[in-house]
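Right, one structure below, let's go through it.
The values are calculated or read from the model by the stated rules, or taken from the named source; none is laboratory data. Bear in mind that the values here come from a model prediction, so they are computed numbers and not experimental data. All Cβ positions, even for glycine, are placed from backbone atoms using ideal geometry, and neighbour counts span all protein chains on display. For the accessible areas, the whole protein counts, side chains as well, though only heavy atoms, and no ligand, DNA or RNA atoms are used. Shrake-Rupley method; radii C 1.70, N 1.55, O 1.52, S 1.80 Å.
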Amino acid sequence: MISGLNHYNLRSEAKMMETLKIFYIEILGLELGVRPPFQSNGYWLNVSGKDILHLSETKKNDSNPVNIKNTFDHMAFTAEDKDKYIKILEKKEIKFHLRVVPEIGTEQIFFKDPAGNGIELIFCKT
């Protein structure tokens with residue numbers, strides 16, 4: 001039985017991995033965590049002391065299938081202070097769009113990281 005989401009991993013070349021690390025720390029406020037000394041290069045980024053995003057360097061023999069539609073669309077984070085995030089995104093000139101879903105009492109911000117991965121921030125209306 002699954003009891004929750006533990007973390008997700010984004011794999012990229014070293015230069016993009018560094019760019020993603022800075023992005024997720026500066027834009028989303030994730031914190032650099034402690035990563036075990038694996039043979040590969042990478043980072044663990046945390047929220048409240050829990051690693052939720054692993055960044056790892058592409059393995060030398062990795063290859064992605066060509067001409068295949070990707071099924072990953074976005075990752076979603078529960079967040080607070082919508083206006084703070086809007087100001088950060090505007091200041092960094094990151095394109096985003098807002099959506100209100102009154103049926104479930106949320107507001108959402110959608111944007112992409114530097115590698116093109118979708119991000120959703122979910123703000124619960126109280």
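Residues to consider are L10, L30; find the one that is among the aliphatic types (A, V, I, L, M) and under 14 Å from P114 (Cβ atoms).
Of L10, L30, the one residue that is among the aliphatic types (A, V, I, L, M) and under 14 Å from P114 (Cβ atoms) is L10.
Taking the condition free of Cβ contacts under 8 Å to residues at least 40 places away in the same chain and within 20 Å of I122 (Cα to Cα), does I86 pass?
Yes.
Which members of region 73-87 meet the condition of being open to solvent by 50 Å² or more (accessible area, probe 1.4 Å) and hydrophobic (A, V, I, L, M, F, W, C)?
Answer for region 73-87, where residues must be open to solvent by 50 Å² or more (accessible area, probe 1.4 Å) and hydrophobic (A, V, I, L, M, F, W, C): just A76.
For region 89-118, how many residues meet the condition of being in a helix (DSSP H, G or I) and open to solvent by less than 40 Å² (accessible area, probe 1.4 Å)?
Residues in region 89-118 being in a helix (DSSP H, G or I) and open to solvent by less than 40 Å² (accessible area, probe 1.4 Å): 1 in total.
Among the listed residues F77, F38, F23, which satisfies the condition of being at negative phi and assigned to a loop (DSSP other than H, G, I, E, B)?
Only one candidate qualifies: F38.
Taking E26, is it under 17 Å from the mean Cα position of the chain (by Cα), loosely packed, with under 14 Cβ neighbours inside 10 Å and of a type outside the set (S, T, N, Q)?
Judged against the criteria, E26 is a match.
If R11 meets every condition in (1) assigned to a loop (DSSP other than H, G, I, E, B); (2) open to solvent by 100 Å² or more (accessible area, probe 1.4 Å); (3) touching a residue at least 24 places away in the same chain (Cβ under 8 Å); (4) not small (G, A, S) apart from one, which number is that one?
So the condition that R11 fails would be (1).
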